[in-house]
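See below for the structure under consideration.
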Amino acid sequence: MGNDVTCNIVGIGSIQLQMFDDTTKLLIDVRHVPDLRKYLISLGALDTNGYKTVIRGGVTKIYKGILLVMKAKKVGNIFQLEGRTGSVHVSMVSEHDSSSIRLWHRRLGHMSERGLKILADRKLLPNLTSGKLDFCKHCLYGKQSKQKFKAGKHTSKGILDYIHSDVWGLAPTILYGGSSYLLSFLDDFSRKVWVYMLKRKSDVFSVFKQFRALVENNTGRTIKCLRTDNGGEFTSKEFENYCKDAGIERHKTTVYTQQNGVAERMNRTLLERARSMLSNANLQKELWTEAVATTCYVINRSPSIAIGCMIPQEVSKGHPCDYSKLRVFGCDAYALVPKHQRTKLDLKSKRYIFVGYGDGTKGFRLWDPTTRKIIINRDVKFDESSLVQLDVDNKLKRDDVSDFQHIQFDSTSNDSHDDHSSDSSHEQVSESYYEQGSD
C-alpha cells in the first residue's frame, strides 16, 4: 500500500461493472482484499491486457482499440469510475472453504471437472457444491497435448487377472532418494495402480516379486497374466523362468507399437498430474517422486471411465474412500514438535511443506526445506491458502507495480458490501514404494 502497510489477499475472482453508457464489463483476476475500503483498478494491469489510457483535463478514458470502454473523473487526487458494480464472484480458498471446486481440484491432484462432478454427485467430497472449474494454467503446464488415445476395452473378470506394467526413465534430474526410474503396475479389473521408484532398471525383476507377494497376500488372489513391452528388464531369462514356475502368463507388445497403451497412458497420467502439482506448488523437480506418489494416491480415489466411472480403491477394497484428509500438494503444513525435541520456551510447531500421505500410517509426508529431509507426522495443521497467495504474489511480480495508477470505484456501490506425539511419527523416511491404497 501507499503507507508501506501490507494487506492479505484472500481470494481471486471476477466482478461485473455497469459502465457510464449502460454496457456491462467483466473484470477477471480481481484480488479480494478485505482490508481495502474502496475498489481499485490497476492501469498497469489494463495496459498489460492491451488497453490504452488517456488522461486529460481531469478525465481518464480507457480504450480497447478505438472503442471507449471506461471513463473516470478526477475527485481530489484520485479518479472515480463513472459506473457502478454488479455481481461479484470471488473464489475464497482457505482451509475452511472446503466447498471450493478449485480447492478440491488441487487436493485431488488436478483432477478433471468431470471427475469432480462424479465425486460430488456421489456426496463423497465433504461440502463440495456444484460449480464450473476455472481455467488452471498448471493443468496446461503439466498435461497439454495435441493427441488423444483410444479408450481400451475392459475385459478382465477379477482382481489380479490381468496386470499391465511399464517403466519410465531415465529421469533428467537427480530425484529425492536417488531414484531415476518409475515402475508402475495397473490392475485391469479395478484400475488400481501401484508405483515404485527405482535407482536402476535392473531392479524391475526383484520389485515385481515384492509386488506379487504384496497384492496376492492382500487379496487372496493370484496374478494370472502380466502385460509388458519387450524391454530387457522384462524379458530376462530369470524373469521368464520365474513367471513360468508361478503359472503367470506373459503378454508382450510388438516392437515400436502402442500395444502396451494402458500402462503407457497411466505413466503419462502420473507424469502429467505430478508436473501440474509441482508447478502449482512452485516446488523443485527433486520432489518429483513425492508428486508422483501423491498422484498415485488420488488416482486410486478418482473415477475411472474404463470401469464405468467407479473408483479403483473402492473396487479393490470393497468399501468407500475417505476424502476428509486430502490436502493440496505443496501447501504449508505446521507440525507439532515432540516434547523431547524442544524446551519449554521453544516454539511448539514447525513449518514444513506437505508432499504426500504416509503409506500404512495415518500421518502425512512433510518436506523440510532447511534440512532437505522428509518426515512423517500426524499432528499437522494445514494452510492451503498459502498456494493461492503464492499464485497472486507471482502474478504481482510480473506486473509493473511501480507505474500503477488507481481508479476509485463509486463509493455508494462499495457501501452495499460494506500435546501428544509419538517418536516414530517424526522419523526421517526415504521410501521407494508407493501403493497409496489404504485409508
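The values are calculated or read from the model by the stated rules, or taken from the named source; none is laboratory data. In this text the structure is predicted, and so the values were computed from the model without any measurement. Using ideal geometry, Cβ is built from the backbone for each residue, glycine included, and neighbour counts are taken over all protein chains shown.
Within the stretch 222-234, the presence of at least one residue that is within 16 Å of His164 (Cβ to Cβ), in a helix (DSSP H, G or I) and of a type outside the set (D, E, K, R) is confirmed.
Please pick out the residue among Lys244, Lys192, Lys237 that is surrounded by 15 or more Cβ atoms within 10 Å (Cβ to Cβ) and of a type in the set (Lys, Arg).
On the way: Lys244 fails: surrounded by 15 or more Cβ atoms within 10 Å (Cβ to Cβ); Lys237 fails: surrounded by 15 or more Cβ atoms within 10 Å (Cβ to Cβ).
Result of the check over Lys244, Lys192, Lys237: Lys192.
For the stretch 299-312, a residue qualifies if it is in a helix (DSSP H, G or I) and touching a His at 6+ places or on another chain (Cβ under 9 Å), and the qualifying residues are Ala306, Ile307. Looking only at the stretch 40-65, how many residues end up being buried (at least 17 other Cβ atoms within 10 Å of the Cβ), more than 18 Å from Asp21 (Cβ to Cβ) and of a type in the set (Ser, Thr, Tyr)? Result for the stretch 40-65: 1.
Across the stretch 189-207, a minimum of one residue is classified as closer than 24 Å to Glu314 by Cβ, at pLDDT 90 or above and of a type in the set (Gly, Ala, Ser).
Checking each residue in the stretch 30-71 for being closer than 24 Å to Ser385 by Cβ and either part of a helix (DSSP H, G or I) or more than 38 Å from the chain's Cα centre (by Cα) (or both) picks out only Ala45. Of all residues in the stretch 154-189, those being surrounded by fewer than 20 Cβ atoms within 10 Å (Cβ to Cβ) and at positive phi number 3.
Here Tyr352 fulfils each of the conditions (1) aromatic (Phe, Trp, Tyr); (2) loosely packed, with under 15 Cβ neighbours inside 10 Å; (3) modelled with pLDDT of 90 or more apart from (2). Please go through the stretch 347-368 and pick out each residue that is outside any loop (DSSP other than H, G, I, E, B) and aliphatic (A, V, I, L, M). Ile353, Val355, Leu366, listed by residue number. The set of residues in the stretch 313-327 being part of a loop (DSSP other than H, G, I, E, B) and among the charged types (D, E, K, R) consists of Asp322, Lys325, Arg327. Report yes if some residue within the stretch 317-325 is buried (at least 23 other Cβ atoms within 10 Å of the Cβ), of a type outside the set (S, T, N, Q) and under 19 Å from His105 (Cα atoms); otherwise report no. No; the residues of the stretch 317-325 include none that is buried (at least 23 other Cβ atoms within 10 Å of the Cβ), of a type outside the set (S, T, N, Q) and under 19 Å from His105 (Cα atoms).
Annotation: Ile311 fulfils all but one of (1) closer than 24 Å to Leu198 by Cβ; (2) in contact with a Pro (Cβ under 7 Å, 6 or more places away or on another chain); the unmet one is (1).
In this structure, does Gly330 turn out to be small (Gly, Ala, Ser), surrounded by 14 or more Cβ atoms within 10 Å (Cβ to Cβ) and assigned to a loop (DSSP other than H, G, I, E, B)?
Details: small (Gly, Ala, Ser): yes; surrounded by 14 or more Cβ atoms within 10 Å (Cβ to Cβ): yes; assigned to a loop (DSSP other than H, G, I, E, B): yes.
The answer is yes for Gly330.
Number of residues in the stretch 313-361 that are of a type in the set (S, T, N, Q) and more than 16 Å from Arg301 (Cβ to Cβ): the value is 4.
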